[in-house]
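Trainee: Below are the structure tokens for one structure; questions will follow.
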Ligand code: CTP
């Protein structure tokens, strides 16, 4: 934990005194605090107390030229690993929700690219008010973290939820947030195709393949864990949608193509789906009868090549990754496919083993001028390895 630093915003509430204990608690855990106190906060604790405990300058005013010369407010907002708002009043959370930046604390919250942890503290009625609940839900969906509030007797004499969490509990939440896995793909948009497509022959029959969708879903999950905004365009599978992933269900290759079009622009595209290369030329409204001989002259027409269309698209994502299932001369086929489709990377998988439907995959990562053989591994592990590579590309 050494050298970790938080920026603590002390809001205007009676719980502000507990934030002084928090600074001490954090110092004992090797975490340094730099402190901003809002105008309201200075009614409850003094900058001098916070400065003595934190051993650092305390900032209170957006328009303080001395402080601004020392450290600008934008720099201040990015100088820590985490921003902690304690006590987080109804007022400060409402402003943060709306992006109102009228003072140093709210300007800092708007300017930061760091995670923010709120420790709400207010009267129970204010806490339960739909406006506060709405604001907190919005902040959560924007990625903010929360600790507390606790229930109990309040300074105002009422009883209920709204007491700020105790300093030790806030410090635990701070440590957990600082130790949380990094999310290097935050803000990146990903579009992934996965699973098979189904091409109808008549109202009851279709052409398809054995793709389970497992590899595509695992990649969607791994990229979401790294912070990416993931749209998963999926053919019919038996799989659950990974948490936080937006799933669009389609059946045919043409529908998959249309859904991809709608999901662009994106930073990253992965074509993991086993798209049917052909579809029946006629998709009749009437079931083909055995006696009529209709199936014996089934005509096929080619489906759109989704991966190639994405590569040639005016909204081409910066990184386009294709998959190539091959049974022989895997590397040569993969390199040829990379050039033909115009993508940046190809994940070539050797399907001479048990790939479709199985839980393992043996892949080769292929770019224009590099290749990397990966050993046989679980599809989830392959997904994490690929996601890490993608994150490194965007570093
Ligand atoms: N793909 C696609 N749309 C298609 C066919 C394939 O987007 N109509 C994508 C797959 O999702 C995968 C890659 O292209 O990322 C693999 O294509 P593949 O079918 O192996 O390539 P083909 O061009 O069909 O080459 P071949 O069948 O000759 O191996």
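Trainee: Run down 181, 176, 194 and say which single residue is under 25 Å from the mean Cα position of the chain (by Cα) and closer than 30 Å to residue 298 by Cα.
Mentor: 194
Trainee: Now for a different question. Out of the range 214-227, which residues are free of Cβ contacts under 8 Å to residues at least 60 places away in the same chain and assigned to a loop (DSSP other than H, G, I, E, B)?
Mentor: 227
Yes or no, residue by residue, for (1) within 19 Å of residue 77 (Cα to Cα); (2) outside the structural domain of residue 41 (by TED's automatic domain parsing); (3) under 28 Å from the mean Cα position of the chain (by Cα):
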position: 113; (1), (2), (3): yes, no, yes
position: 119; (1), (2), (3): yes, no, yes
position: 134; (1), (2), (3): no, no, yes
position: 140; (1), (2), (3): no, no, yes
position: 143; (1), (2), (3): yes, no, yes
position: 150; (1), (2), (3): no, no, no
position: 165; (1), (2), (3): no, no, yes
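Trainee: Residue 351: in the same structural domain as residue 252 (by TED's automatic domain parsing) and either surrounded by fewer than 19 Cβ atoms within 10 Å (Cβ to Cβ) or over 28 Å from residue 182 (Cα atoms) (or both), yes or no?
Mentor: So residue 351 fits the description; yes.
Trainee: Moving to a separate point now. I'm trying to understand the selection: among the residues of the range 120-141, which are touching a strand residue (DSSP E or B) at 6+ places or on another chain (Cβ under 9 Å) and without any contact (Cβ under 8 Å) to a residue 60 or more places away in the chain?
Mentor: Correct list: 120, 123, 124, 125, 126, 127, 128, 132, 136, 139, 140.
Trainee: Would you pick out the residues in the range 331-379 that are within 12 Å of the ligand (Cβ to nearest atom) and on the phi > 0 side of the Ramachandran plot?
Mentor: 342
Trainee: Is there a residue being crowded, with 18+ Cβ neighbours inside 10 Å, at pLDDT 95 or above and closer than 23 Å to residue 351 by Cα anywhere in the range 255-268?
Mentor: no
Trainee: Now a separate question. Assuming residue 304 fulfils every condition listed in (1) closer than 24 Å to residue 349 by Cα; (2) modelled with pLDDT of 95 or more; (3) crowded, with 18+ Cβ neighbours inside 10 Å apart from one, which condition is it?
Mentor: That leaves (3) as the condition not met.
Trainee: Which of the residues that make up the range 273-329 are touching a helix residue (DSSP H, G or I) at 6+ places or on another chain (Cβ under 7 Å), outside any loop (DSSP other than H, G, I, E, B) and within 12 Å of the ligand (Cβ to nearest atom)?
Mentor: Answer for the range 273-329, where residues must be touching a helix residue (DSSP H, G or I) at 6+ places or on another chain (Cβ under 7 Å), outside any loop (DSSP other than H, G, I, E, B) and within 12 Å of the ligand (Cβ to nearest atom): 279, 306, 307, 308, 309, 310, 311, 320, 322, 324, 326.
Trainee: Being within 16 Å of the ligand (Cβ to nearest atom), surrounded by 13 or more Cβ atoms within 10 Å (Cβ to Cβ) and in a loop (DSSP other than H, G, I, E, B) narrows it down to one of 236, 242, so name that one.
Mentor: 236
Trainee: Also, I was wondering about something else. Looking at residue 160 and the list (1) touching a strand residue (DSSP E or B) at 6+ places or on another chain (Cβ under 7 Å); (2) away from the ligand (no atom under 16 Å from the Cβ); (3) in contact (Cβ under 8 Å) with a residue 40 or more places away in the chain, which single condition is not satisfied?
Mentor: So residue 160 meets the others, but not (3).
Trainee: Let me ask something else about it. Which of the strands (runs of 3 or more DSSP E) contained wholly in the range 115-163 include at least 1 residues that are under 20 Å from residue 95 (Cα atoms)?
Mentor: Because the criterion is at least 1 residues that are under 20 Å from residue 95 (Cα atoms), the strands (runs of 3 or more DSSP E) in the range 115-163 that meet it are 116-120, 159-163.
Trainee: Also, quick follow-up: For the range 1-54, what are the residues that are assigned to a strand (DSSP E or B) and over 19 Å from residue 163 (Cβ atoms)?
Mentor: 4, 5, 6, 7, 31, 32, 33, 34, 35, 36, 37
The values are calculated or read from the model by the stated rules, or taken from the named source; none is laboratory data. This one's a predicted model, so the numbers in the text were calculated from it and none came from an experiment. Using ideal geometry, Cβ is built from the backbone for each residue, glycine included, and neighbour counts are taken over all protein chains shown.
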